[in-house]
Amino acid sequence: MPPSTANPPEKVPLCVDLDGTLIKTDVLWESLMLLLKRNPLYLLALPFWLMRGRAFLKQQIGTRTALNPAGLPYHAAFLDFLREEKRRGRKLVLTTAADSQVAQRVAHHVGLFSEVIASNGETNLRGGNKGRKLVERFGKQGFDYAGNSTVDLPVWREARAAIVVNADEGLAQKARQLGEVSHVFNERKSRLRAFIKELRPHQWVKNFIIFVPLLTSHEFEATKFRNALLAFISFSLCASGVYVINDLLDLDADRHHHRKKSRPFASGELPLPVGLISAPLLLALSAGVGWCLSWNFLAVLAVYVVLTTSYSWQVKQIALLDVFFLAGLYTIRLVAGHTATGIPFSFWLLAFSMFIFLSLALVKRYTELRALRQQNRHDSKGRGYTSEDIEMVAMLGIASGFLSVLVMALYVNSDQAVKNDQGVPLYNHPTLLLLMCPLLLYWVSRVWLIAHRGRMHDDPIVFALKDRTSYAVGALTLLVLWLATGHY
């Protein structure tokens, strides 16, 4: 007769898996991202470590990183269950294939486990190895085991009872075929939905900047529009790939952010390997679409990738340089539009975009600092700012926004407002374009007023797409442009 029939459940040790069970992520992949963020050259060492076994690989990565267990996404309902079991006097054992260094840190943080059984650099405590270790320690059917994947089936075969966490019903059925299943915790959400969320398609609206050269040059030929559309698709795929890379590199900072902590990778909704596979695929698809345009466009796309990757890797931690990079990333979309369509560059348009986008980038940073101050925190996690910088950021942002209006006014008074550098007529009544200045002044001032009142919860461009007043200002601006052409 199994030992479990002689002892009440609380006397039987409960062995708990770590990756995917206690937490919604995998500490090996988490540690790997920390390692590569610190020094990408470690990528060259990984194959050599792996040649000596997965346990050795985990040990080497764990030795070189300091994973913060407090920031990991835990299974809340399951953790509450463990606390109740601990209160009833049950012995809890953290049993994981993760390296013992990492497992000990997690166990210390959680504060529920009496013992830790983990990989040690020589033995990878996974599947059958874990089952044999637990039988050796507690006897056959002398323990209950909580797991989350098919690799845990050999362990459940040796356990008195199984606890299935964050798995589909199919796995629970397989566990029932091996023995008793005492509890099922299912918080699993749609990974497809999480993946689409990770791509951030709502951010693709920023890439409509690519179409601006068509509008300002009054060149609406089908070929140019087709090329602009291809450039839009290429930049959207590229942007999504870069968002994935950014989120993989910024896990810890995102988990300390009041809004970003719900992102798919930070929250554990999406496994990190999905990002490591999808990011290069998205970038390759983007390059494939860009190849249909020209080598010059591919060069612009490559510069965008380098700038965004640099921003994600290091620049976002440097005060002021980060917002100049953000403004540059908006402006490079404008450059891409010119390059894809073959429309000559406009000095005035590039100067205007530099100032307006710098202002919007500073709005974004101001909003984060305002939230930081409301939380009575001084330093911004993963940023180069403190809450004391908020007034300076606001001053620079408002000044930059107003300078964009000045550039607009100077453009109206220039010869290029009548004909462009190629002699193509643009506006028969350029003086009417001055009406755009108060419209832009009002919009910039209103954006900063909303940010000051704490009502700016989105990226400023995304905010504008949800804001009725912004649509009204945009419609009036288009009306002014049409009246200035004299084609009515």
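Full extension of the chain between Asp415 and Ala319 gives 30.7 nm of extra length, using 0.36 nm per residue less the Cα-Cα distance. Loop-located trypsin sites (Lys or Arg not before Pro) in the range 252-332 (DSSP state other than H, G, I, E, B) with a sparse environment of at most 12 neighbouring Cβ atoms within 10 Å: Arg259. When the square roots of the Cα gyration tensor eigenvalues are ordered a ≥ b ≥ c, the ratio a/c for the range 265-420 is 1.5 or more and a/b does not exceed b/c, which makes its shape oblate. Normalised per residue, the accessible area of the range 347-470 is 51 Å², obtained with a 1.4 Å probe and no contribution from ligands, DNA or RNA. With Cα atoms as the point set, the radius of gyration and Dmax of the chain evaluate to 28.2, 97 Å.
Annotation: the antiparallel percentage among DSSP beta bridges lying fully within the chain is about 15.
Charges were assigned to the Cβ only: +1 to each Lys and Arg, -1 to each Asp and Glu. The resulting dipole of the range 380-488 about its Cα centre is roughly 320 debye.
Each residue of the range 343-348 was assigned a 3J(HN,Hα) from its phi angle through the Karplus curve 6.51 cos²θ - 1.76 cosθ + 1.60 (θ = phi - 60°); the sequence is 6, x, 5, 10, 4, 5 Hz, with glycine and proline shown as x.
So how far, in whole Å, is the C-alpha centre of the range 15-72 from the one of the range 205-223? Here the two parts' Cα centres lie 46 Å apart.
Remark: the range 45-190 carries 47 Å² of accessible area per residue (probe radius 1.4 Å; ligands, DNA and RNA excluded). Carbon and sulfur: what percent of the range 331-486's accessible surface (1.4 Å probe)? That fraction is 65 percent. The stretch between Thr431 and Val303, if pulled fully straight at 0.36 nm per residue, gains 42.3 nm over its current Cα-Cα span. Note on Met51 and Glu84: the model spin-label points, each 7 Å out from Cα along the C-beta direction, lie 5.2 nm apart. At q = 0.09, 0.21 Å⁻¹, work out log10 I(q)/I(0) for the range 330-488 with the Debye formula, treating every Cα as an identical point scatterer and leaving solvent out; two decimals please. Values returned for q = 0.09, 0.21 Å⁻¹ are -0.36, -1.39.
Accessible area of Ile245 (1.4 Å probe, protein heavy atoms only, ligands and nucleic acids ignored): about 40 Å². The angle between the Cα long axis of helix 128-138 and the main principal axis of the chain comes to about 50°, on a 0 to 90 degree scale. Once the convex hull of all Cα atoms in the range 38-86 is built, its volume per residue stands at 122 Å³.
Multiplying the residue separation of Ser182 and Ser310 by 0.36 nm and subtracting their alpha-carbon distance yields 41.2 nm. Between Thr485 and Phe195, the modelled labels are 4.3 nm apart [label points 7 Å from Cα along Cα→Cβ]. For the range 395-401, the Karplus equation 6.51 cos²θ - 1.76 cosθ + 1.60, evaluated at θ = phi - 60°, returns couplings of 4, 5, x, 5, 4, 5, x Hz by residue, with Gly and Pro reported as x.
Under 5 Å between amide hydrogens, built in the peptide plane, is the criterion, and for Leu125 it picks out Ser119, Asn120 among residues at least 5 positions away or on other chains. Helices in the chain, meaning DSSP H runs of at least 4 residues, each add -39500 (n - 2.57). Divided by all residues, the mean residue ellipticity at 222 nm is -18500 deg cm²/dmol.
In units of the compact-protein estimate 2.2 N^0.38 Å, the range 342-397 shows a Cα radius of gyration of 1.50. Normalised by the number of residues in the chain, the average gap of Cα pairs under 8 Å and 6 or more apart makes the relative contact order 11 percent.
Rg of the Cα atoms in the range 90-197, relative to 2.2 N^0.38 Å, amounts to 1.12. Taking all Cα pairs closer than 8 Å and separated by 6 or more residues, the relative contact order of the range 1-134 comes to 31 percent.
The values are calculated or read from the model by the stated rules, or taken from the named source; none is laboratory data. Quick caveat, the model's predicted, so the values are computed rather than measured. Every residue, glycine as well, gets a Cβ built from its backbone with ideal geometry; the counts of neighbours run over all protein chains shown. Note: accessible area is taken over every heavy atom of the protein model, side chains too, but ligands, DNA and RNA are not part of it. Shrake-Rupley method; radii C 1.70, N 1.55, O 1.52, S 1.80 Å.
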